[in-house]
Amino acid sequence: MTKPITLNLKKYLSFSPEVSKALSRNAPVVALETAVVTHGLPQPQNYQLAKDLEKAVKSYGATPAIIGLLDGKIHIGLSDPELKSLANLSQNTRKISRRDFAIALSQKINGGTTVAGTLIAAKAAGIKVFATGGIGGVHRNSHFDISADLPELSQSPLIVVCSGAKSILDLPATLEYLETAGVPIIGYQTTEFPAFFSRESGLNVDASVETPAEVVEIAKAHWGIGLNSAILVVVPPPASTAVPHAQIESVIENALSEARELKISGAKVTPFLLQRVKELSNGASLESNLSLLINNASIAAQIASELAPKPQLQSV
Ligand code: PSU
Ligand code: MN
């Protein structure tokens, strides 16, 4: 396991006025990633999704902080024109994980942050809650292809709300890694680890909770005893758009063998597979992906509100 190093990102951080105000008041803030905007979804759904995520977070009284790299800065909260420029897929944006920060910041390359990249930036910004669709993990074809999301989760004290790990992955191997890394997996109103587009995986969670307050209690105990990892809160995708695991598995297998034939590797694997699964499922996976992202952001906002210190009543 990598030894935690305190990163020195302060001089690169650029806060939006809304996020800056919320953080200075200790008000609830939810970090949102942008690799999903730049590499996970087609245009124009990617921009619309980011707007919908912001709306969902605000509707539960929290401030959204979309994180992305623009002009050599790590933006914590994006203005509308900034978001539009990241969502413009004809521009050359990079997928930003841990190893990409130095390159992108020094060469002023714009980029969408993955779960790993967003954890790094959110931690530096002092944000404690983060919502995403599905984390990366151990790939099926090559057990050497392990997403940088996993080691980052082991050293980032944030509550990460997601629908498990992407079903294109080897889920049992991903859970084994998270166990080694000491990341507690909390099922939100479920006892089963969700498989991204699917509600079922046949795999268990470490604990199941019903409310945001229970999540916060576990997180406070974890960090309170000095443990430093993320808490992974896994939420099943909404039933109305979820795709049954048995139905999507053959589509995933086909996409995986295409990736093998085309020798797709590195950071391109996950975007390729998501795109092919979308096409081969006639858009069913995309519909599920969008609705689970919004649902996860809503739950993250409720958790952030529970975690934030309660405003003190002014004495007169
Ligand atoms: N959630 C989604 N769509 C995505 C992702 C998450 O609904 O595209 C992104 C996340 O940013 C995650 C990345 O970190 O996919 C994983 O990429 P890789 O397997 O190359 O680490
Ligand atoms: Mn990889």
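The values are calculated or read from the model by the stated rules, or taken from the named source; none is laboratory data. Here the structure is a predicted model, which is why all the values come from computation and not from measurement. Neighbour counts run over all protein chains shown; Cβ positions are idealised from the backbone, glycine included. We work out accessible area using only protein heavy atoms, side chains counted, and drop any ligands, DNA or RNA first. Shrake-Rupley method; radii C 1.70, N 1.55, O 1.52, S 1.80 Å.
Test of understanding: among Ile135, Ile120, Ile103, which residue is modelled with pLDDT of 95 or more and in contact with a strand residue (DSSP E or B) (Cβ under 6 Å, 6 or more places away or on another chain)?
Exactly one of Ile135, Ile120, Ile103 is modelled with pLDDT of 95 or more and in contact with a strand residue (DSSP E or B) (Cβ under 6 Å, 6 or more places away or on another chain), namely Ile135.
Residue pairs, Cβ under 8 Å, 6 or more apart or interchain, first in the range 165-186 and on the phi > 0 side of the Ramachandran plot, second away from ligand 1 (no atom under 13 Å from the Cβ) and open to solvent by less than 10 Å² (accessible area, probe 1.4 Å). List them.
If the second residue must be away from ligand 1 (no atom under 13 Å from the Cβ) and open to solvent by less than 10 Å² (accessible area, probe 1.4 Å), the pairs left are Gly182/Ser229.
Any idea which of (1) exposed (fewer than 15 other Cβ atoms within 10 Å of the Cβ); (2) over 21 Å from Leu153 (Cα atoms) is the one Arg199 doesn't satisfy?
Here Arg199 clears every test but (1).
Give the residue, chosen from Ala35, Ala50, Ala31, that is modelled with pLDDT of 95 or more, closer than 15 Å to Pro81 by Cα and open to solvent by less than 30 Å² (accessible area, probe 1.4 Å).
Step by step, each of Ala35, Ala50, Ala31 is checked, and only Ala50 is modelled with pLDDT of 95 or more, closer than 15 Å to Pro81 by Cα and open to solvent by less than 30 Å² (accessible area, probe 1.4 Å).
Restricting to the range 229-273, name every residue that is within 16 Å of ligand 2 (Cβ to nearest atom), open to solvent by 20 Å² or more (accessible area, probe 1.4 Å) and within 23 Å of Gly202 (Cα to Cα).
Thr270
Would you tally the residues in the range 222-241 being in contact with a strand residue (DSSP E or B) (Cβ under 6 Å, 6 or more places away or on another chain) and part of a loop (DSSP other than H, G, I, E, B)?
Result for the range 222-241: 2.
May I ask you to list the residues in the range 129-143 that are within 9 Å of ligand 2 (Cβ to nearest atom) and in a loop (DSSP other than H, G, I, E, B)?
Correct list: Gly136, Ser142.
Can you tell me which residue in the range 250-265 is farthest from ligand 1 (Cβ to nearest atom), limited to those that are in a helix (DSSP H, G or I) and without any contact (Cβ under 8 Å) to a residue 60 or more places away in the chain? Walk me through how you get there before you give the answer.
Taking the range 250-265 first, the residues in a helix (DSSP H, G or I) are 250-261.
Filter again for without any contact (Cβ under 8 Å) to a residue 60 or more places away in the chain, leaving 250-251, 253-254, 257-258, 261.
Working: Ser250: 21, Val251: 16, Glu253: 18, Asn254: 19, Ser257: 18, Glu258: 17, Glu261: 19 Å.
Among them, the one singled out is Ser250.
Identify, please: which residue in the range 126-154 is surrounded by 24 or more Cβ atoms within 10 Å (Cβ to Cβ) and away from ligand 1 (no atom under 12 Å from the Cβ) and is, among those, nearest to the chain's Cα centre (by Cα)?
First, pick out the residues of the range 126-154 that are surrounded by 24 or more Cβ atoms within 10 Å (Cβ to Cβ): 127, 129-137, 147, 149, 152-153.
Filter once more, keeping what is away from ligand 1 (no atom under 12 Å from the Cβ): 127, 129.
On the way: Ile127: 13, Val129: 10 Å.
Per the stated criteria, the residue is Val129.
Listed residues Ile231, Ile264, Ile252; which is hydrophobic (A, V, I, L, M, F, W, C) and under 30 Å from Ala308 (Cβ atoms)?
Of Ile231, Ile264, Ile252, the one residue that is hydrophobic (A, V, I, L, M, F, W, C) and under 30 Å from Ala308 (Cβ atoms) is Ile231.
What are the residues in the range 156-183 that are open to solvent by 10 Å² or more (accessible area, probe 1.4 Å), modelled with pLDDT of 95 or more and under 16 Å from the mean Cα position of the chain (by Cα), if any?
Pro157
Evaluate the following for Ala87: is it of a type outside the set (Val, Ile, Thr), touching a Gly at 6+ places or on another chain (Cβ under 8 Å) and over 16 Å from Ala31 (Cα atoms)?
no
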